[in-house]
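Notes follow the structure.
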Amino acid sequence: MRHLIDEVRAAIPFDADDARVCSGDCAGCSQKLLDYLEGELDAWQQRLAEGDRPSLGDLSRLAKTARKIHRVLVRNGILSEVAEPI
C-alpha cells in the first residue's frame, strides 16, 4: 500500500496550479477529484501508521480510483497522455 501511495503521489500533480483552477470546460472537476484522491491517500497513510493492514481489495480499489482520476486529468489537459503509471 505504501508503494502504491508513493506511485500515485509521484504520478498525480497535487500541487499543480492549473489543476486547481476551473476552466469551465472539463470532463470532471479536477480540483474536486484531486481533493478526494489526496484525502484517500492521507487516510490510508494514517491507517497504515496506526497499524492497519490493507486487503487486496483495498489496494485494488485505491489503484482503480487513481487510474480513473488520472484519465480525467488527461482529458482535462492537466496531464499528458503518455501512459498510466499507476
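Some notes on this structure:
- If only residues of region 27-53 that are in contact (Cβ under 8 Å) with a residue 24 or more places away in the chain and of a type in the set (Asp, Glu) are counted, the one that is farthest from Ala63 (Cα to Cα) is Glu38.
- All of Asp42, Asp58 fail the test of being part of a helix (DSSP H, G or I) and within 12 Å of the chain's Cα centre (by Cα), apart from Asp42.
Coordinate-derived values only; no laboratory data. In this text the structure is predicted, and so the values were computed from the model without any measurement. So basically every Cβ, Gly included, is an ideal-geometry build from the backbone, and we count neighbours across all protein chains shown.
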